[in-house]
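Below you'll find the structure, written out as structure tokens, and then a few comments.
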Amino acid sequence: MKKSEDIKIGSNRSFGIVFFVVFLIISLYPLTHGVEIRLWSLIISLIFLTLGLLNSKILSPLNKIWFVFGISLGKIVSPLIMGIIFFLVVTPIGLMMRSFGKDVLNLKYSKNKSYWIEKKGPKSKMKNQF
């Protein structure tokens, strides 16, 4: 698993262009409702475009903050989503299988001396595998 220090931060150019697009969408969105564009957002988007195309060092602190925010958000959202999937998908399936008496993993106690399962039927052949 990679540490956040091992992950490379994106370039200032791509950061500036992405935020140009974000602020441009924010500025033009009111046009879909017949309202005037947001001039403040348009100005910010043009600033980000200019700094991004110049690959300016001014964007470095903002890029670093955005990077740390993304890493922090990933540490919170990933376990949350995995927990939701586990409790909404895996747990109900397990409860249903238990209620129907299924033991897919063969976890029930057995008095046999060994848990070895003898294979019945024909042995597989390794001919024409691919």
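The values are calculated or read from the model by the stated rules, or taken from the named source; none is laboratory data. None of the values given here were measured: they were computed from a predicted structure. Cβ atoms come from the backbone with ideal geometry, glycine included; neighbour counts cover every protein chain shown. With ligands, DNA and RNA removed, areas are computed over all heavy atoms of the protein, side chains included. Shrake-Rupley method; radii C 1.70, N 1.55, O 1.52, S 1.80 Å.
Here is how the numbers come out for the structure above:
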item: Estimated dipole of the chain in Debye, rounded to 20 [Cβ of Lys and Arg +1, of Asp and Glu -1, Cα centre]; result: 1200
item: For the chain, with +1 on Lys and Arg beta carbons and -1 on Asp and Glu, the positive-most of PHE67, ASN55, PHE19 along the dipole; result: PHE67
item: Among 68-79, 49-60, 106-117, the order from most to least packed when residues are scored by Cβ within 10 Å on average; result: 49-60, 68-79, 106-117
item: Angle between the chain longest axis and helix 39-53 axis [Cα atoms, degrees, rounded to 10]; result: 80
item: MRE, 222 nm, helices only [DSSP H, n ≥ 4, -39500 (n - 2.57), over the chain, to nearest 500]; result: -17500 deg cm²/dmol
item: Per residue accessible area in Å² of the chain, where ligands, DNA and RNA are left out and the probe is 1.4 Å; result: 90
item: Normalised per residue, the volume of the convex hull around the Cα set of the range 74-130 (Å³); result: 223
item: Nearest 10 degrees, 0 to 90: helix 59-85 Cα axis against the chain principal axis; result: 30
item: Portion, in percent, of the accessible area of the range 34-130 that falls on carbon or sulfur, probe 1.4 Å; result: 71
item: Efficiency of FRET between SER124 and MET97 - r from beta-carbon atoms, R0 25 angstrom, step 0.05; result: 0.35
item: The chain - percent relative contact order, Cα under 8 Å, separation 6 or more; result: 22
item: Relative packing of 16-25, 36-45, 86-95, which averages over residues the other C-beta atoms within 10 Å, highest first; result: 16-25, 36-45, 86-95
